[in-house]
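Let me begin by presenting the structure, written as structure tokens, before commenting on it.
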Amino acid sequence: MKALFEALRWRHPHEVTGLNNDYTALYARKLLAEHPQWSSVIEIRRRRSP
């Protein structure tokens with residue numbers, strides 16, 4: 001997911017705003033909730049906080 005964020009920033013530097021690294025894990029979980037078939041390529045770690 002971090003690599004996807006960086007690719008979006010690099011390819012669209014003026015169009016993409018608001019991609020905060022603090023939310024990368026939340027976006028990854030949302031993406032997997034909507035597309036469970038991608039679970040083999042996106043690693044999810046246990047959350048430390050609820």
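The values are calculated or read from the model by the stated rules, or taken from the named source; none is laboratory data. All values derive from a computational prediction rather than experimental measurement. Ideal geometry is used to build each Cβ from the backbone, glycine not excepted, and the neighbour counts take in all protein chains shown. Calculation scope for accessible area: heavy atoms of the full protein, side chains included, ligands and nucleic acids excluded. Shrake-Rupley method; radii C 1.70, N 1.55, O 1.52, S 1.80 Å.
Out of the chain, which trypsin sites (Lys or Arg not before Pro) are coil in DSSP terms and have no more than 14 other C-beta atoms within 10 Å? Kindly include the intermediate steps, with their values, before the conclusion.
Values: sites: Lys2, Arg9, Arg11, Arg29, Lys30, Arg45, Arg46, Arg47, Arg48; in loops: Arg45, Arg46, Arg47, Arg48.
Here the trypsin sites (Lys or Arg not before Pro) that fit, given the DSSP loop and packing criteria, are Arg45, Arg46, Arg47, Arg48.
Mind checking the per residue accessible area of the chain for me, 1.4 Å probe, whole number of Å²?
Normalised by residue count, the accessible surface of the chain is 92 Å².
Looking at the chain, which GluC sites (Glu not before Pro) are in a loop (DSSP not H, G, I, E or B) and have at most 15 other Cβ atoms within 10 Å? If you can, show how the numbers build up before the last one.
Numbers: sites: Glu6, Glu15, Glu34, Glu43; in loops: Glu15, Glu43.
In loop regions of the chain (DSSP not H, G, I, E or B), the sparsely surrounded GluC sites (Glu not before Pro) are Glu15, Glu43.
Taking the Cα centre of the chain as origin and charging only Cβ (+1 Lys, Arg; -1 Asp, Glu), how large is the dipole, in debye to the nearest 20? All intermediate terms of the calculation are to be shown ahead of the outcome.
Working: 9 positive and 5 negative charges, 56 e Å.
The dipole magnitude comes to about 260 debye.
Hey, what number do you get for the chain at 222 nm if only DSSP H runs of n ≥ 4 count, each worth -39500 (n - 2.57), divided across all residues, to the nearest 500?
Values: 2 runs with 21 residues, N = 50.
Estimated from H runs of four or more residues: -12500 deg cm²/dmol.
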